[in-house]
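One structure is given here, and the rest of the page talks about it.
The numbers here are math on the coordinates, done by the rules we state, and not lab data. Every value quoted in this text rests on a predicted model; they were computed, and no experiment measured them. Every residue, glycine among them, receives a Cβ derived from its backbone with ideal geometry; neighbour counts consider all protein chains shown.
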């Protein structure tokens, strides 16, 4: 559990700098240079992510159940993760209406993904992992919306064709992950196939 907690502290801590220390971040980028900042940030993020993956895998070997996830919650996780994949696609497909309307679809994707997994899983490791990401995404979304308001950020309107493409990409990625990659990579088959 120590590796999981350390990984979460490193990864989410780094990703929380804009939430709690934006002036420090700007000064550090100005001092180091943007390339160096991104390099250090990426290396430390990679380390944190590796610790999260390894720590969570280790914690799954000796799970500590906290509650019993109801069957309906496990069934709800599938559609929720489908929504999360569409939101994630919206962060990357340019000109879509989802991003135009919601502004920060990746953070919303993390929220929905984390909530889905909290509903479907019931151990201490799940609470730490998915609860940590959910809390971070809620705080970061709020901060990003405030930053947009303060800077007067305007998001261009989306086009229907790009929104349909976004949805198709999200659904296709979800299907590959839900029916193959989740089981192959993580050893858990959400739909038992």
(message) For the stretch 1-104, I need the span (max minus min coordinate) of the C-alpha atoms along each principal axis, in Å, sorted largest to smallest.
(response) 52, 41, 20
(request) Please report how far the C-alpha centroid of the stretch 155-193 lies from that of the stretch 74-140, rounded to the nearest whole angstrom. (result) 12 Å
(request) Diagonalise the Cα gyration tensor of the chain and give the resulting equivalent ellipsoid semi-axes, square root of 5 times each eigenvalue, largest first, whole Å. (result) 28, 24, 15
(message) At 7 Å along Cα-to-Cβ for each site, give me the label-to-label distance between residue 45 and residue 72 in nm.
(response) 3.8 nm
(request) Using the 2.2 N^0.38 Å rule of thumb for compact globular proteins, work out how the stretch 1-62 stacks up: its C-alpha Rg over that value, please. (result) 1.30
(message) Looking at the stretch 48-158, I'd like the Rg to Rh ratio, where Rg is from alpha-carbon atoms and Rh is Kirkwood's inverse mean 1/r.
(response) 1.05
